[in-house]
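The values are calculated or read from the model by the stated rules, or taken from the named source; none is laboratory data. Predicted model, so just to flag it, every value in this text is computed and none were measured. Reconstructed Cβ throughout: ideal geometry from the backbone, glycine too, with neighbour counts over all protein chains shown.
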Amino acid sequence: MRVLAVCLGNICRSPAAEAAIAEAASGAGVDIEVDSAGTGAYHIGEPPDERMRRAAARAGLSISGRARQFEPADFDRFDLIAVMDRTNLRDVVAQAPDEDAIGRVRLFRSFDPEADPDGLDVPDPYYGGADGFVQVVAMVRRAAAGLVAELSG
Ligand code: 4NP
């Protein structure tokens, strides 16, 4: 199983989601290959945001990698494309070659058992305070656990 986490910049939410999915898969003994990408090009080649890394590290989650942009070829490389919010969903679906590819795209928080059905976005923490990054860590961990449970169940 190959999973791609997608947000806008690939420096905050999706690198955290990628690390959380790897952590949950490892904990459950499930073989999942995971990567992340951003729909935007603003931060290509950059490491994850310092604030995101710090919040994750404080919770015991190590985030690494360099930002890359989502590309249509990712539909061939991944079985599941887990997008962080509805804008990412729209931007990724717009690049899908066919219905089958669209079917591989899911809002990441749809796997979070604590998420409200009307609030399935992982909010963008980039322009907010430190608390937003702490919230993202908790959300992506819950969603990652739910995702691994669903994929292995
Ligand atoms: P991310 O956060 O999508 O979670 O990586 C953002 C990073 C950068 C920007 C927006 C969101 N930006 O506008 O530069």
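Look at the range 67-78 and say how many of its residues are among the basic types (K, R) and under 14 Å from the mean Cα position of the chain (by Cα).
1
Take A115 and tell me if it is in contact with a Phe, Trp or Tyr (Cβ under 7 Å, 6 or more places away or on another chain) and under 19 Å from V140 (Cα atoms).
No, not satisfied.
Take R53 and decide whether it is more than 9 Å from the ligand (Cβ to nearest atom) and free of Cβ contacts under 8 Å to residues at least 24 places away in the same chain. Don't jump to the end; show me each part of the working.
On the way: more than 9 Å from the ligand (Cβ to nearest atom): yes; free of Cβ contacts under 8 Å to residues at least 24 places away in the same chain: yes.
Spelling it out, R53 is indeed more than 9 Å from the ligand (Cβ to nearest atom) and free of Cβ contacts under 8 Å to residues at least 24 places away in the same chain.
Can you tell me which residue is nearest to the ligand (Cβ to nearest atom) among those in the range 23-42 that are touching a helix residue (DSSP H, G or I) at 6+ places or on another chain (Cβ under 7 Å) and of a type in the set (A, V, I, L, M, F, W, C)?
Only one residue tops the list, namely A37.
Keeping to the range 121-153, report how many residues are acidic (D, E) and either modelled with pLDDT under 95 or not in a loop (DSSP other than H, G, I, E, B) (or both).
2
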